[in-house]
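Visitor: The structure that follows is given in the form of structure tokens.
The values are calculated or read from the model by the stated rules, or taken from the named source; none is laboratory data. Not measured: the values here are computed from a predicted model. In this analysis, Cβ positions are derived from the backbone assuming ideal geometry, glycine residues included, and neighbour counts consider all displayed protein chains.
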Amino acid sequence: MRTHNCVECGDTVAEARWELGYRECLKCGEYRARQRVHTVAPLHKSNYMVISNRAELLGLNNKGGFYR
């Protein structure tokens, strides 16, 4: 079994995790995952939409007036 090291801190990464494409240990991966922020916006008479770009959020609710 080969040992793989985390690209961030140098700790050992499990072989199965490495084969899945993760190059960080669990601790560094957890830290990076907590840095990412998502916004979920309800659409009028519809479902919820995940907003990843601020430009998509502006003018989303057409009941609030015209936005350009």
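Visitor: Restricting the search to the stretch 2-40, which residues are among the aliphatic types (A, V, I, L, M) and modelled with pLDDT under 80?
Guide: VAL37
Visitor: A further question on this structure: Please determine whether any residue of the stretch 16-28 is without any contact (Cβ under 8 Å) to a residue 24 or more places away in the chain, assigned to a strand (DSSP E or B) and surrounded by 10 or more Cβ atoms within 10 Å (Cβ to Cβ).
Guide: The answer is no; no qualifying residue exists.
Visitor: Same structure, new question: Give the residue that is surrounded by the most Cβ atoms within 10 Å (Cβ to Cβ), with candidates limited to residues of the stretch 41-68 that are within 16 Å of the chain's Cα centre (by Cα) and either in a loop (DSSP other than H, G, I, E, B) or at pLDDT 85 or above (or both).
Guide: SER52
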